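Read the structure below first, then the notes.
Every read-out reported here was derived from the displayed coordinates using simple, explicitly stated rules and does not represent laboratory data. Every value quoted in this text rests on a predicted model; they were computed, and no experiment measured them. Cβ coordinates were reconstructed from backbone atoms using ideal geometry, including for glycine residues, and neighbour counts include every protein chain displayed.
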Amino acid sequence: MNSTVGKAQTTANISYTVSFPDAQAHYADIEMHISGLKQNNLDLKMPVWTPGSYLVREFAKNIEGFSANINGKTVASPKINKNTWRISSKGVSSVTIKYRVYAFEISVRTSFVDASHGFLSTSGIFIYPANMLHSPSTITIKPYKDWSKVSTSLEMVNNDPFVRHSPNYDILFDSPIEVGNQDVFGFDASGVKYEICMYGGGNYDKERLIKDVHKIVDQEAAVYGENPNRHYVFIVHNHLRGGGGLEHLSSTVLGASRDAFGTEKGYQSFLGLVAHEHFHLWNVKRLRPIVLGPFDYDNENYTTNLWIAEGFTEYYQEIIVRRTNLYTPENYLDQIAVEFNTLENLPGKDVQTVAESSFDAWIKAYRPNENSNNTTISYYNKGAIIGMMLDLEIINDSKGKYSLDNVMRYMYTEYYKNKKRGYTDAEFKKGFEMFAGKKLDDFYKNYVNGLTPIDYNKYLGYAGYKITDELANSNDATLGIATATTAAKKVIVTAVTRGTAGYIDGININDELTAIDGNPITDASTMLNDKKPGDKLAISLIRDGLPVNLTVTLLRNTRVKYKIVPVDNATPAQLAVRKKWLSL
Ligand SMILES: [Zn+2]
């Protein structure tokens, strides 16, 4: 649902000025001018979340000094709920609002301002008039001291980089703005002007980066058959240790570690992030679950389809890098095996379906606790595996005529371009079935809405591969706990895995382990040396300040470490699927 559905919308002329007089103290100062008003009450709202990051973040908590001015006089502007201010505007056509936003959270989805730059994650910066989400606005940026550049996908007004136009609030809230002295370089690809804007320095090689990002852009546009933007901006924040990414319609914000570009592993991982966020400009920003746009900025927006929106994007981030030849087939298969191992070593795989994981992102994935691994899975992880399964299924069933690419392109064309709306569960399922040439009811029952163990060898077998488990013959004993050692050399339990000895025999999170069979524990990593599954241990610990003694029977460590290897004597049909799947 959208909060504006069914309500009359009015229009007004809206402009903002953003200045940074106290950038060093992490403030952005906003002045908003609205004219052409015709209503009795003007409600001004701040979104509670930012699309793409499924958590209510309460951006209004960062606002202070809110004031409203009509005809030169300050007027009352009481809050009527956590994110709404009300101004009596009867007989008034224009209002000026001022407020400050405290911006000191470093992440790709939150604003950050200091003396070196201003990053405006717009849904946490700009208030909007209720029921006017369709209104255009003008944004003027007044930089701090020597800041010389503005990087955003919002179009310039009169060729002035410091004045930008937003056609409506869905676009404004999807267009982050970077202000400062970022290093800007770019290239043209498939008719689109690409800009890479690097904040924070780093050991990146511009020429190499341009060449490789260009290849990724081309491969991704080829999946959908078109590149819908005219201008696309990569805003990259390089920190001592950084990471993460957030997709937008015509831009993305990426976090990176400034020294990571210098190693092959670090560089490949950055390219994977580029491939992921850029793929989103189609998958989720345009081809999207039906509730994800127009958005409700006041509430959670629930969908069971993040396994497609995020999981398939994770699947494509790897296979696109393979298609550019920046990964060898072996690199790629190793990445897929990591996805298998992540899922299979998570007890939550027997508890939460991937559709449930999507729906509950707001309260589970984005609010993890010490028990999350026992009860939840990641829709990124299982969604990527399902993407691989369906890709192989479609390639195999269609004898190499189609792949998952055809489904993505068809759904993009049919729903985003033709019907101009998002898709439902049933509609995406139909898309898969069209190219697989068969019903997928059982597939959905087992893997999307069910907890059936995945038959990896069935799907990999289509391409003449199978899994082997490098730990199959190990007989290591484990307590099934994770620990951390404090500065005072105390060994504290930080996680207990469901089904393990520690879980069954009652070790708790936050227990301080003191002795095993009477011997003091000094090093958690060696405390089970020489122990075997079936051994009974007397464990002494301190819980909430009191001594506790437990008898724990060790069990075999059941973790898996899969590797994907070719089957012996693959048939021509298997080799044909392999060739298509891995772009050999
Ligand atoms: Zn994503």
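The residues neighbouring Y379, those whose beta-carbon lies less than 12 Å from its own, together hold a net charge of -2 under the Lys/Arg +1, Asp/Glu -1 convention.
Here R556 and M156 are evaluated by their C-beta separation; at R0 = 56 Å the FRET efficiency comes out at 0.30. Ordering of 382-389, 159-166 by packing is 382-389, 159-166, highest average first (other Cβ atoms within 10 Å, averaged per residue). For K211, a cut-off of 21 angstrom between C-alpha atoms picks up these lysines, skipping any fewer than 8 places away in its own chain: K193, K265. Straight-line reach from K45: which lysines have Cα under 17 Å away, leaving out those fewer than 8 places along the same chain? Partners within reach: K7, K61, K79, K82, K98.
Since only S166, A222, F112 are under comparison, the one whose Cα sits farthest along the positive direction of the charge dipole of the chain, derived from C-beta charges on Lys, Arg, Asp and Glu, is S166. Computing FRET efficiency as 1/(1 + (r/R0)^6) for N131 and K563, where r is the C-beta to C-beta distance and R0 is 51 Å, gives about 0.35.
Remark: for residue pairs K490/K536; K399/K438; K466/K579; K438/K458, the C-alpha separation exceeds 19 Å in K490/K536.
For region 260-372, the Kirkwood estimate of hydrodynamic radius, built from reciprocal distances between every pair of different alpha carbons, is 15.9 Å. Per-residue extension of 0.36 nm, minus the Cα-Cα distance of N13 and H165, leaves a gain of 53.5 nm for this segment. Taking a virtual spin label 7 Å from the Cα of D476 along the C-beta vector, which residues in region 537-569 bring their backbone nitrogen under 18 Å of it? Counting backbone N atoms under 18 Å from the label point, the list is 554-563. The stretch between I504 and N549, if pulled fully straight at 0.36 nm per residue, gains 14.7 nm over its current Cα-Cα span.
Dipole size of the chain about its Cα centre, with +1 on Lys/Arg Cβ and -1 on Asp/Glu Cβ: approximately 1240 debye, rounded to the nearest 20. Taking max minus min of the alpha-carbon positions on each principal axis, region 343-485 gives extents of 58, 39, 25 Å, largest first. Near I521, the amide H atoms lying under 5 Å from its own belong to A515, I516; only residues 5 or more places off or on other chains count, and H is placed 1.01 Å from N. Placing R0 at 25 angstrom, the Cβ-Cβ distance between V338 and Q24 gives a FRET efficiency of 0.05 after rounding to 0.05.
Packing, taken as the mean count of other beta carbons within 10 Å per residue, orders the peptides 298-311, 498-511 from highest to lowest as 298-311, 498-511. The simple spin-label model puts a point 7 Å past each Cα toward its Cβ; for K439 and D205 those points are separated by 5.5 nm. Highest mean packing comes first when the peptides 540-547, 409-416 are listed by Cβ atoms within 10 Å, giving 409-416, 540-547.
Take the alpha-carbon centre of region 513-584, take the same for region 322-368, and report the distance between them in whole Å. Each part reduced to its Cα centre gives a spacing of 19 Å.
Under Stokes-Einstein, with the Kirkwood radius over Cα pairs as Rh, the value for region 256-321 at 37 °C and 0.692 mPa s is 247 µm²/s. Counting only Cβ charges, +1 for Lys and Arg and -1 for Asp and Glu, the dipole size of region 365-451 around its Cα centre is about 380 debye.
Taking 20 Å as the limit for the C-alpha separation, the pairs K73/K142; K439/K563; K401/K580 exceed it in the case of K73/K142; K439/K563. Projected label points at S67 and I106, each 7 Å from Cα along the beta carbon direction, are separated by 3.4 nanometres.
Note on the chain: percent of Cα-Cα distances in each 20 Å bin, starting at 0 and stopping at the bin with the largest distance, equals 18, 46, 30, 5, 0.
Farthest toward the positive end of the dipole of the chain, out of V95, V192, V338, is the Cα of V95, where the dipole comes from beta carbon charges about the Cα centre. Full extension of the chain segment joining N369 with T522 gains 52.4 nm, where the gain is 0.36 nm per residue of separation less the Cα-Cα distance. In summary, the convex hull built on the alpha carbon positions of region 27-105 has an orientation-averaged projected area of 5.9 nm².
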